[in-house]
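First up is the structure itself, then whatever we jot down about it.
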Amino acid sequence: MTTTVALSRPRTNRMIAGVCAGLAQRWGMKASTVRLLFLLSCLLPGPQFVVYIVLWVIMPDRGY
């Protein structure tokens with residue numbers, strides 16, 4: 001049985017704000033994979049940076 005992690009930004013394994021690391025933990029992926037996918041998505045037109053900033057604001061910071 002797998003345990004689900006709440007959507008939050010960890011204090012460790014952060015690059016900028018911990019959004020990609022938090023999403024990776026939530027989805028059970030490596031943080032580097034999510035970061036790479038985000039960077040690749042920036043090559044396409046769209047609101048990627050706005051979504052990142054919104055997630056930064058709404059995702060709580062994990063206290064541990």
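The values are calculated or read from the model by the stated rules, or taken from the named source; none is laboratory data. Keep in mind that this is a model prediction, so the values were computed, not measured. Cβ atoms come from the backbone with ideal geometry, glycine included; neighbour counts cover every protein chain shown. Remember, those area values only see protein heavy atoms, side chains included, never the ligands or the DNA or RNA. Shrake-Rupley method; radii C 1.70, N 1.55, O 1.52, S 1.80 Å.
Relative to the longest principal axis of the Cα atoms of the chain, the long axis of helix 48-58 makes an angle of roughly 30 degrees.
Among THR33, THR12, the sequence by solvent-accessible area, most first, with a 1.4 Å probe is THR12, THR33. I'd like the orientation of helix 31-41 relative to the chain: the angle between its Cα long axis and the longest Cα principal axis, in ° from 0 to 90, rounded to 10. In the chain, helix 31-41 runs at an angle near 20 degrees to the longest axis.
Here the chain exposes an accessible surface that is 70 percent carbon and sulfur, computed with a 1.4 Å probe and the other protein chains kept in place. Taking every C-alpha pair closer than 8 Å and separated by at least 6 residues, the mean separation divided by the residue count of the chain gives a relative contact order of 39 percent.
Any idea of the accessible area per residue across the chain, 1.4 Å probe, to the nearest Å²?
So the chain comes to 75 Å² accessible per residue, rounded to a whole number.
Model label points for MET15 and TRP56, set 7 angstrom from Cα along the Cα-to-Cβ axis, are 1.3 nm apart.
Here the chain is treated with +1 on each Lys and Arg Cβ and -1 on each Asp and Glu Cβ, and its dipole about the Cα centre works out to around 160 debye. Summary: within the chain, the longest segment free of trypsin sites (Lys or Arg not before Pro) located in DSSP loops with at most 15 other C-beta atoms within 10 Å is 31-64.
Once Rg and the Kirkwood radius are both taken over the C-alpha atoms of the chain, their ratio Rg/Rh works out to 0.97.
Mean residue ellipticity at 222 nm from the helices of the chain, using -39,500 (n - 2.57) per DSSP H segment of n ≥ 4 over the full residue count, to the nearest 500 deg cm²/dmol? -14500 deg cm²/dmol, from helical runs alone.
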